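A.B. asks: Submitted below is the structure of interest, expressed as structure tokens.
The values are calculated or read from the model by the stated rules, or taken from the named source; none is laboratory data. Owing to the predicted nature of the structure, the values given are computational and were not obtained by experimental measurement. Using ideal geometry, Cβ is built from the backbone for each residue, glycine included, and neighbour counts are taken over all protein chains shown.
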Amino acid sequence: MDNRDRILKMLEEDKISSEEAIRLMDALKEKEDETESSGTGGSSQSNSGQSEKSSGNFSGANEVFDQFVSEFQKHFNTEKANETYNQVKSKLENQKYASQVFGTFEKAFDSVKNSNIDSMFSQGAKNRLIETIDQSFSNISVDITNGNVNIVPTDRVTTAKFEVTPFYRKLDKKRNYFQDIICEVKNDELMIVSDIRTARVNVELQVNPSIVNRLIVSSSNGNVTIDNQEFKDLTVDILNGSISLENVSSDSAFARTSRGDLDIISGSYGAIELISMVGTTNTDKLNAKDITVSSNGSVNLTLQGDTESASVNANMGSINIGVPRDRALEGRLSTVVGQINYPPDLNVRYMKQQDIGLKELMLVNDADEKGIILEVGTKFGSVTLHRQ
């Protein structure tokens, strides 16, 4: 195995970075040029000119590699990736040594072109860090640009676990911490912030449920999971990812995702609002007094005995609602394209159908006690109401 093969093997094994590999190749080339120059001093002018031309081409190739490495580490757009890939390949395909280095990147680059962001971030070595928070606080805000957030209970000291994969190497040696991640307590609030876009930052926060009043979680690209926690105020607002709340209690709660599913399992809420622009909303044993759901997808909602009102609107999906068997119902069910299904024991009154095909019926409460107020409607899909 010659020196070039050793460099390429070290690069493939992630023992050196791409920039280091290029610098080693440069040094090796310069040494070979010096050896050839001392051994062929009487060579013809044409050979000398050819050698200078070859050296110049490889020097230019190094600049191309620097561009390639920079783009490889920061791009996420597939079209941009393809453009950079083709440009670099066309410049290097006729150069021997540069082509060898390029071959090392080709496999990784193909993986980026043909896979999604999650699969790309799952490759390579992982950076992990555990931060314990011994200062007191009552509020938490988590803002992660690119990564998953998982909040779980603990009866010990609050602990934040970070996992950054795989292209991130910026470490603050003095603090033994990632440079672009903030984890600190200020004005009675624990703040965890990451604006890293070139790598995924996954956060697991272990916190005692009894000490937190308000929790705010935001993310641009990642899932949010919260288990067995109690709050007075809860807000989860993300752009691209799913939200899962299990055994969570809060006086008021707001959960919104632009692209992803909402799964609300058990728990207790005073008022809860759920919004999913693209995705499905599912609830199971959700105990909430007031429920508001807005979705462009399907909605599967299970109401409990303490529910006083539920408002559900969907554009492009069916709505399936389970209601307690012993509770009276009142309100309205409607759909534009679809069917309305309900138990035969309900007292209903169909409204006159409109020219556009709107189907609408009223739920009439003929019982003495106040019933659950339902306002349920979808444009494209069926509405199904059933007892449980």
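A.B. asks: Looking at Val201, Val236, which one is in a strand (DSSP E or B), surrounded by 21 or more Cβ atoms within 10 Å (Cβ to Cβ) and at pLDDT below 95?
C.D. replies: Step by step, each of Val201, Val236 is checked, and only Val201 is in a strand (DSSP E or B), surrounded by 21 or more Cβ atoms within 10 Å (Cβ to Cβ) and at pLDDT below 95.
A.B. asks: Read through the list (1) in a strand (DSSP E or B); (2) in contact with an Asp or Glu (Cβ under 8 Å, 6 or more places away or on another chain), then give the number of the only condition that Gly279 fails.
C.D. replies: Looking at each condition in turn, Gly279 falls short on (1).
A.B. asks: Given the criterion surrounded by 18 or more Cβ atoms within 10 Å (Cβ to Cβ) and either out of contact with any Gly (no Cβ under 8 Å at 6 or more places or on another chain) or modelled with pLDDT under 90 (or both), identify the matching residue among Thr302, Thr283, Thr292, Thr335.
C.D. replies: Going through Thr302, Thr283, Thr292, Thr335 in turn, the sole match is Thr283.
A.B. asks: Restricting the range 351-388 to residues that are in a loop (DSSP other than H, G, I, E, B) and polar (S, T, N, Q), which is modelled with the lowest pLDDT?
C.D. replies: Among them, the one singled out is Gln354.
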